[in-house]
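Read the structure below first, then the notes.
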Amino acid sequence: AFMRLAEDRFYNKYPCVIITGKGSPDVATRLFLKRMKQTLKIPVLGLVDSDPYGLKILSVYMSGSKNMSYDSASLTTPDIKWLGVRPSDLDRYNIPEQCRLDMEPTDIKTGQQLLQEDFIKANPEWIKELELMLKTKTKAEIQSLSSFGFQYLTQVYLPRKLREGDWI
């Protein structure tokens with residue numbers, strides 16, 4: 001997703017910061033994001049896989065890492081928004097069945113644990129999305145959007161979500 005955004009120079013058309021999830025966020029990235037948000041005063045939107053681990057990545061940006069809770073205030077971006085890929089996007093954007101993945105038992109367990117987290121409980125729309133994911137037992141990667149073409153992410157999906165303010 002990051003390479004697609006960069007290659008298409010998405011940032012020239014849309015003045016925002018979109019973080020793409022790729023593993024656990026490191027300290028340098030979290031600090032950079034917080035400083036950039038404070039300095040530029042532009043929205044920060046998270047684009048992660050539609051699975052419990054995508055939400056965990058967002059949670060680290062939003063409220064910090066449990067391992068580094070002593071330093072979370074200086075490393076968090078509490079107003080980051082969940083742009084996608086959200087479970088409701090799978091039907092809304094007609095993501096083909098062959099691009100959807102069945103959740104593993106560990107995914108379901110992680111999702112159920114996330115429902116108990118404060119950052120989820122504080123966001124009713126996040127609860128709704130996570131409950132939908134658990135009900136359907138379906139997840140999807142950002143790359144599932146490329147089933148419509150390699151530039152679908154930057155020419156259709158993201159512009160529509162930004163135009164409609166479709167983030168939570």
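The values are calculated or read from the model by the stated rules, or taken from the named source; none is laboratory data. For clarity, every value in this text was computed on a predicted model and none was experimentally measured. Glycine gets a Cβ as well: all are built from the backbone with ideal geometry, and neighbour counts include every protein chain shown. Keep in mind that these areas ignore ligands, DNA and RNA; they rest on the heavy atoms of the full protein, side chains included. Shrake-Rupley method; radii C 1.70, N 1.55, O 1.52, S 1.80 Å.
In table form, for the structure just shown:
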quantity	calculated
Positions within the range 27-41 being open to solvent by 10 Å² or more (accessible area, probe 1.4 Å) and within 28 Å of Leu90 (Cβ to Cβ), in sequence order	Thr29
Verdict on Tyr53 being open to solvent by 30 Å² or more (accessible area, probe 1.4 Å) and within 22 Å of Leu5 (Cα to Cα)	yes
Helices (runs of 4 or more DSSP H) enclosed by the range 85-131 - at least 1 residues per element that are surrounded by 12 or more Cβ atoms within 10 Å (Cβ to Cβ) and modelled with pLDDT of 95 or more	87-92, 105-114
Residue, farthest from Leu162 (Cα to Cα), within the range 7-25, restricted to residues that are open to solvent by 60 Å² or more (accessible area, probe 1.4 Å) and not hydroxyl-bearing (Ser, Thr, Tyr)	Lys22
Residues within the range 1-22 that are in a helix (DSSP H, G or I) and among the aliphatic types (A, V, I, L, M), tallied	3
Filtered residue count, the range 23-43, keeping only those that are in contact with a helix residue (DSSP H, G or I) (Cβ under 7 Å, 6 or more places away or on another chain) and either outside any helix (DSSP H, G or I) or at positive phi (or both)	2
Every residue from the range 132-155 that is closer than 15 Å to Pro96 by Cβ and part of a loop (DSSP other than H, G, I, E, B)	Glu141, Gly149
